[in-house]
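What follows is a set of notes on a single structure, which appears directly below.
Every read-out reported here was derived from the displayed coordinates using simple, explicitly stated rules and does not represent laboratory data. For clarity, every value in this text was computed on a predicted model and none was experimentally measured. Methodologically, a virtual Cβ is constructed for each residue, glycine included, from the backbone with ideal geometry; neighbour enumeration extends over all protein chains shown.
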Amino acid sequence: MRVNKPAGFTLVELVIGIVVFSIALGLFTSLIVPQAIRSVDPIFQVRASELGQSLIHEIASKSFDEGSDRTGGSNICSQGANPACTSSAALGPEEKDASGEPIRSSFDDVDDYHNLNESGASIKNALGGTTGLYTGFNVRVSVVYDADMDGAADAVIGNTKLITVTVTTPNDEDIIFSTFRSNY
């Protein structure tokens, strides 16, 4: 006589299966989740690069100094009878609004951008417009005299300014862009 045994898993087999599954899920999660978080880094880096380069181009396209003309070369500050170049201590925007904030649309020379610090929705383009692309980003600009082009600020007025733009991504990575602008 044949006795039919019921088919299925025992309680011990189910517990062992759950333990093995949880270990596999834990390993999978610990390997995949950090990769998913890092997958956004290239997107942030591309946006930071676009922002930094566009700001560098905008700044470098401006006149060297308030004492220089805007047409490119006929009047150069600190040469001949022309006005002296702006002192190191006076670098920064000439015009500010009632709250003391610089008026970006009035930036007409390189050193007006000194100490510019914008973040997120307040990041503006050269025309004063904003986009939603830079939420979580921060941009800081430094302009200093660097006549010997060694990357360090000079205490004296020179014929070269170092422009440094630092873009901080939402994951706190600083990406730095630099260029020189000469008095010509």
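By how many nm would the segment from Asp174 to Asn115 lengthen if fully extended, with 0.36 nm per residue of separation less the alpha-carbon distance? Intermediate results must be reported in sequence, preceding the final value.
Values: separation 59, 0.36 × 59 = 21.24 nm, distance 1.63 nm.
Result: 19.6 nm gained on full extension.
Would you work out which of Pro93, Ile103, Phe137 lies farthest towards the positive end of the dipole of the range 79-147? Charges go on Cβ: Lys and Arg +1, Asp and Glu -1.
Phe137
What distance in nm separates the simple spin-label points at Asp108 and Thr130, each placed 7 Å from Cα in the Cβ direction?
Placing both labels 7 Å beyond Cα along the Cβ direction yields 2.7 nm.
How do the peptides 111-118, 45-52, 172-179, 97-104 rank, highest first, by the average count of neighbouring beta carbon atoms within 10 Å per residue?
Details: 111-118: 19.9, 45-52: 17.0, 172-179: 13.4, 97-104: 10.5.
My ranking of the peptides, most packed first, is 111-118, 45-52, 172-179, 97-104.
Please determine, in degrees from 0 to 90 and to the nearest 10, the orientation of helix 41-60 with respect to the longest principal axis defined by the Cα atoms of the chain, where the helix direction is its Cα long axis.
Tilt of helix 41-60: around 10 degrees.
Where does each of 142-152, 157-167 land if you order them by average Cβ count within 10 Å, highest first?
157-167, 142-152
Where Rh is the Kirkwood radius over the Cα pairs of the chain, the temperature 25 °C and the viscosity 0.890 mPa s, what D in µm²/s does Stokes-Einstein return?
Values: Rh = 20.3 Å.
The diffusion coefficient I find is 121 µm²/s.
Quick one: putting +1 on the C-beta of Lys and Arg, -1 on the C-beta of Asp and Glu, what dipole do you get for the chain around its Cα centre, in Debye to the nearest 20?
Details: 12 positive and 23 negative charges, 283 e Å.
Dipole of the chain, to the nearest 20 debye: 1360 debye.
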